Amino acid sequence: MTDDQFVQLPDGRPRICYRVDGPPDGAPLLLVAGLGLDLISWPQRMLDGFTGHGLRVIRLDNRDAGRSTRVEAKPPSMLRQLFARPVPGAYDLADMADDAHGLLEHLGVGRAHLVGMSMGGMIAQTLAARHPDRVATLTSIFSTTGDRRVGQPARSTMLRMAKPPSRTAEESVARHLALLRHIGSTDFPPDEAFEREWAAQLWDRGVGARAGAGVARQIGAIQASGDRTAQLRTITAPTLVIHGDVDRMVHPSGGRATAAAIPGARHVEITGMRHHLAPGVQDRIVTLTAEHIVAGSGVPE
């Protein structure tokens with residue numbers, strides 16, 4: 001396992017934390033995590049699967065997550081979040097996509113395969129639209145288009161997410177496990193011991209009780225970006241859209257709308273999968289993604 005590395009992006013942009021695994025000469029695969037998550041949120045089994053396919057796996061902490069820069073700006077209030085009224089001048093998904101692009105430039109990567117989950121899927125979509133020459137293939141996992149008519153969380157999920165941020169590591173871990181019981185799948189159950197350890201590590205790698213402000217700013221970035229359907233129609237990279245059919249965090253309509261918007265996209269809806277990279281679906285997602293990469297543009301022999 002590699003250690004955390006850092007790059008200070010130019011022009012007042014964030015310092016980005018990242019890790020690289022796999023063969024140095026492998027085809028680059030950039031993994032982009034979701035809301036409030038960091039680079040350790042990609043399960044080791046998936047990392048091993050991707051590197052086993054000969055891919056050079058790059059992971060980053062998005063701004064306001066993990067060990068990357070915490071933006072010095074007031075987060076949107078809960079009222080602004082509920083009514084989708086981002087703070088004027090706040091960053092958006094294009095800024096976050098440019099962070100990922102800056103990391104690729106720093107690493108000397110000309111073209112990369114992109115995989116993003118949830119908000120990370122939105123960032124990867126945006127990167128593919130803004131920098132088509134840098135994207136070999138795109139895989140969007142349980143994500144959506146920004147159209148408020150699709151992909152919305154269930155009301156029960158919104159109520160759980162509207163609680164004030166956790167104040168202690170113990171509270172954060174307990175809250176993660178409770179949310180996972182809600183958005184996770186009974187068909188593909190989580191490993192609770194692993195999830196408990198992961199949630200504690202997430203707290204330690206971040207800024208603890210101050211992490212809630214970063215999550216709020218990331219929500220603001222999603223809302224500031226609005227409906228990106230027209231932008232998705234410009235994507236030229238071969239695209240795979242993966243979603244569960246019972247997702248309570250991002251309704252399956254979000255995945256369907258994403259696939260419908262991107263020309264030629266393939267849509268795979270996994271029965272019983274919800275909003276979690278559970279042990280029971282990890283191998284299938286790796287296989288689908290690896291096959292998509294080979295079909296889309298191939299990997300070095």
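The values are calculated or read from the model by the stated rules, or taken from the named source; none is laboratory data. Model, not experiment: these values are computed from the prediction. Please note: Cβ atoms are built from the backbone with ideal geometry, for glycine as well, and neighbour counts cover all protein chains shown.
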- request: List the number of the failed condition for T239; all other conditions in (1) surrounded by 19 or more Cβ atoms within 10 Å (Cβ to Cβ); (2) more than 17 Å from the chain's Cα centre (by Cα) hold.
  value: (2)
query: Taking the range 29-45 only, how many residues are out of contact with any strand residue (DSSP E or B) (no Cβ under 8 Å at 6 or more places or on another chain) and over 30 Å from Q81 (Cβ atoms)?
result: 2
message: Could you check the range 262-275 and list, in sequence order, the residues that are buried (at least 22 other Cβ atoms within 10 Å of the Cβ) and of a type outside the set (A, V, I, L, M)?
response: R274, H275
message: Just the residues that are in contact with a helix residue (DSSP H, G or I) (Cβ under 9 Å, 6 or more places away or on another chain) and among the aliphatic types (A, V, I, L, M), please, taken from the range 59-81.
response: L60, A65, V71, A73, M78
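Give R167, R196 a once-over and let me know the one that is at pLDDT 95 or above, in contact with a helix residue (DSSP H, G or I) (Cβ under 9 Å, 6 or more places away or on another chain) and of a type in the set (K, R). If you could, list the steps in order and put the result at the bottom.
Numbers: R167 fails: at pLDDT 95 or above.
Exactly one of R167, R196 is at pLDDT 95 or above, in contact with a helix residue (DSSP H, G or I) (Cβ under 9 Å, 6 or more places away or on another chain) and of a type in the set (K, R), namely R196.
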- prompt: For the range 225-261, what are the residues that are without any contact (Cβ under 8 Å) to a residue 60 or more places away in the chain and of a type in the set (A, V, I, L, M, F, W, C)?
  reply: A230, A259, A260
task: Please go through the range 51-71 and pick out each residue that is over 21 Å from I222 (Cα atoms) and over 15 Å from the mean Cα position of the chain (by Cα).
output: T51, G52, H53, G54, L55, R56
